[in-house]
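Here is the structure we will look at.
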Ligand SMILES: Cc1cc2nc3c(=O)[nH]c(=O)nc-3n(C[C@H](O)[C@H](O)[C@H](O)COP(=O)(O)OP(=O)(O)OC[C@H]3O[C@@H](n4cnc5c(N)ncnc54)[C@H](O)[C@@H]3O)c2cc1C
C-alpha cells in the first residue's frame, strides 16, 4: 500500500513526528520545523490522535474507551496443534485471547476500561489459566471500542480509523475498519477537491460512513444485551448448544458472511426465551 501511494505521488514522511496541528488552515507542523498545508487534512493517527485532540479537546472519551493488554510470548512445543482461544468472562465487556503461531503466541485481554479497573490482575490470571508462566513484556494500549465519533471531523479535517473511534465494539477489531474508513475519507476528499469544494469533503465522508456507523450501532446494542449480567447464564447456555442458531450466526458474523443487524435481530427474537431460561 505504501509503495502504491508513493507511486501515485504521495510523499513519505515516515519517522518524522507531527508536533502541531492547525485545523483552521488546515496545516501540520513537523518536528523538524517544516509546515505542511493542505486543502483537506485526514487524521489517521490512531487512538491517541493529536488531530482529534486539536478538534475536540480529547482524542477519546475515557468513560467509553477500551483497553487491551497483550504479550508476544515464546511459542511452545504444542503450538502447531493448539487451538485459537477466545475466552469470555475473563474481563467484563471484553474477552481474553490466545493465538498460537509458528514462532510465538499472542496472549491478551481487553475490555471496556471503566468496567475493568483491575485489568492487569485479569491479564496475570488469564496467563496462568491457559497454562503459561508470568510473561514480562506485556504492552498496554487504549482501544476505542466503546463508541465512535458521530461526526468524524470538523471543517476541512477528517478522522479515520482509531482516531474516529472506528473499532468493532464486540471483537475489538480495528484494522479492517481503519483501512476502509481511510479509503472512504480519501475518496471523499478527492471528490470534493475535484469539484473545487474542499468544505464538501466532510459531508461526503459522513454519507459514505453511514453503513459502517449503522453496523457499529447494532454492535453496541448487541453488546449491551450479551454482556448484561442477568442474561449471562442463558447466553452461555445458548452458545454451548452446537446446533444453536445464535452460535452459528456468531461464527457467520466473524466470517464476514452476515452483518450485526442480522445477529441482533436473531438475538432480540430469542430474548423472551433467554429470559425464561435464566
Ligand atoms: C492489544 C490490542 C490488540 C489488537 N488486536 C487486533 C486484532 O487482532 N485485529 C484487529 O483488526 N485489530 C486489533 N486491534 C486494534 C487495531 O490495532 C487498531 O484498531 C488499528 O491499528 C487502527 O489503525 P489506525 O491506522 O487507525 O491507527 P494505528 O494503527 O494506531 O496507526 C496510527 C499511526 O499514526 C502514527 N502517529 C500517531 N501520532 C503521530 C504523530 N504525532 N506524528 C506522526 N505519526 C503519528 C503512529 O505512529 C501510527 O503509525 C488491537 C488493539 C490492541 C490495543
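The numbers here are math on the coordinates, done by the rules we state, and not lab data. All figures in this text were calculated on a predicted structure; none of them were measured in a lab. Quick reminder, even Gly has a Cβ in these numbers, built from the backbone with ideal geometry, and neighbours come from all protein chains shown.
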Can you name the residue in the range 149-175 that is within 10 Å of the chain's Cα centre (by Cα) and surrounded by fewer than 24 Cβ atoms within 10 Å (Cβ to Cβ) and, of all such residues, is nearest to the ligand (Cβ to nearest atom)? 174
State all residues of the range 56-79 that are more than 14 Å from the ligand (Cβ to nearest atom) and more than 17 Å from residue 107 (Cβ to Cβ); if no residue qualifies, say none. 56, 57, 58, 61, 62, 63, 64
Filter the range 230-264 down to residues that are without any contact (Cβ under 8 Å) to a residue 40 or more places away in the chain, surrounded by 14 or more Cβ atoms within 10 Å (Cβ to Cβ) and closer than 16 Å to residue 216 by Cα, then give me how many there are. 4
Residue within the range 6-27 that is without any contact (Cβ under 8 Å) to a residue 60 or more places away in the chain, part of a helix (DSSP H, G or I) and surrounded by 11 or more Cβ atoms within 10 Å (Cβ to Cβ) present: yes
Residue satisfying condition, being closer than 15 Å to residue 148 by Cα, touching a residue at least 24 places away in the same chain (Cβ under 8 Å) and in a helix (DSSP H, G or I), within set 225, 202, 216: 216
Return the total of residues in the range 38-55 being more than 8 Å from the ligand (Cβ to nearest atom), in contact with a strand residue (DSSP E or B) (Cβ under 8 Å, 6 or more places away or on another chain) and in a loop (DSSP other than H, G, I, E, B). 2
